[in-house]
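Undergrad: Dropping a structure here in structure tokens format, bear with me for questions.
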Amino acid sequence: MSGRIGARTLSTIALGALFLVSGIPAALAAPQSPPGHFEDVIALPDGFQPEGIAIGPGGTAYVGSLADGDVYVFDVRTGEEITTLEGPGTPSVGLKIDNRDRLFIAGGPTGEARVVDAATGELLQSYTLTDAPTFVNDVVVTRDAAWFTDSQQAQLYKLPIGQDGALPEPDAIEVVPLSGDWVQQPGFNANGIAETPNRQALLVIQSSTGFLFRVDPETGVATVVDLGGVVLANGDGLLVVGRTLYVVQNQLNTVAVIRLNAAGTSGELVDQRTDPDFQVPTTIARFGNGLYLPNARFDTPPTPDTAYSVVRIDR
């Protein structure tokens, strides 16, 4: 979704209209680099078409490809490639890493989700979430489940995770319809997803309206988060750090910074961040004092030679 001198902070205005906890596999340990040094713009392979990003605490980052599902793995300090995990030939959209070094990956129009070994790319389990027209977009991993959004259907998908970390069987998917304040709209709907600061509920952004919702994970009842009239147009990836919510507004090349209450029922827009190197960023992950956003360049027709990158800005 940059520690950079050129990063700019916009004045706070009201618009009118996935925190990662993980250990890093030894095989993917990030190379050593000078203390305090971080690259501001990290080049991805030409033609890669990035969307989702996840970062482990050791500074190893994972970016998924919409083109073929590959996952590019690199060191956030140097920008150097560590490895590339081979994809299935279908899109990898949102992705998150858990504390067992497993990547949970949303499959977009395939209606699938998959879980792979973050070190080897080995497929650990795959799930057919729906057979209907769909776009499985983003994922958050909580203490007991992985939750996936669907941008074309008013429902979330829950993959229960056992206390010992056991993945569910392929037929154990729970479909949770969205209700309450949620009204399905034309175009893209549920997109980015995160936990509330108190970890009792989910936050989901509806891209077509710019509304942020708090969703009860037991019932699917969605309530609009009171942001004092602020609408988060083009909302995409979400990241919660403490009580701060970062919302990527992709086509606006902006990250909205919101101070939430613990329950995630209300919040205040306190900042808007942009950077001259943003080119339609989609998702966002944190490492230390940096925020990392892949440039999806949705306004540029993709070709095998199209250049893509990840941009770092300061928190």
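The values are calculated or read from the model by the stated rules, or taken from the named source; none is laboratory data. Only a predicted model underlies this, so the values are computations on that prediction, with no experimental measurement involved. Cβ coordinates were reconstructed from backbone atoms using ideal geometry, including for glycine residues, and neighbour counts include every protein chain displayed.
Undergrad: Among (1) surrounded by 13 or more Cβ atoms within 10 Å (Cβ to Cβ); (2) out of contact with any strand residue (DSSP E or B) (no Cβ under 7 Å at 6 or more places or on another chain); (3) of a type in the set (G, A, S), which single condition is G165 missing?
TA: (1)
Undergrad: State whether the residues of the stretch 189-205 include one that is assigned to a helix (DSSP H, G or I) and surrounded by 16 or more Cβ atoms within 10 Å (Cβ to Cβ).
TA: Quick first cut of the stretch 189-205, residues assigned to a helix (DSSP H, G or I) only: none.
Within the stretch 189-205, not a single residue is assigned to a helix (DSSP H, G or I) and surrounded by 16 or more Cβ atoms within 10 Å (Cβ to Cβ).
Undergrad: Which residue out of L252, L260 is surrounded by fewer than 23 Cβ atoms within 10 Å (Cβ to Cβ), of a type in the set (A, V, I, L, M) and modelled with pLDDT of 95 or more?
TA: Selected residue: L252, the only one of L252, L260 that is surrounded by fewer than 23 Cβ atoms within 10 Å (Cβ to Cβ), of a type in the set (A, V, I, L, M) and modelled with pLDDT of 95 or more.
Undergrad: Condition check: hydrophobic (A, V, I, L, M, F, W, C) and over 19 Å from G94 (Cβ atoms). Does A145 satisfy that?
TA: Values: hydrophobic (A, V, I, L, M, F, W, C): yes; over 19 Å from G94 (Cβ atoms): no.
Answer is no for this residue.
Undergrad: Which fully enclosed strands (runs of 3 or more DSSP E) of the stretch 68-175 have 2 or more residues being of a type in the set (S, T, N, Q)? First the steps, then the outcome.
TA: Values: elements: 71-75, 81-85, 95-97, 102-106, 112-117, 123-128, 136-141, 145-150, 155-160.
Filter on the stretch 68-175 gives 81-85, 123-128.
Undergrad: Report the residue count in the stretch 281-297 for those that are modelled with pLDDT of 95 or more, assigned to a loop (DSSP other than H, G, I, E, B) and not hydroxyl-bearing (S, T, Y).
TA: 3
Conditions (1) loosely packed, with under 15 Cβ neighbours inside 10 Å; (2) modelled with pLDDT of 95 or more; (3) under 21 Å from G94 (Cβ atoms), marked per residue:
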| residue | (1), (2), (3) |
| --- | --- |
| S208 | no, yes, yes |
| F211 | no, yes, yes |
| V221 | no, yes, no |
| L232 | no, yes, yes |
| A256 | no, yes, yes |
| Q279 | no, yes, yes |
| D299 | yes, yes, yes |
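Undergrad: For residues in the stretch 35-65 being over 22 Å from D275 (Cβ atoms) and assigned to a loop (DSSP other than H, G, I, E, B), which is modelled with the lowest pLDDT?
TA: By that ranking, first place goes to P35.
Undergrad: Let me ask another. Looking at the stretch 245-291, which of its residues are among the hydroxyl-bearing types (S, T, Y) and within 21 Å of A61 (Cα to Cα)?
TA: So in the stretch 245-291, the residues among the hydroxyl-bearing types (S, T, Y) come out as 246, 254, 265-266, 274, 282-283.
Y246, T282, T283, listed by residue number.
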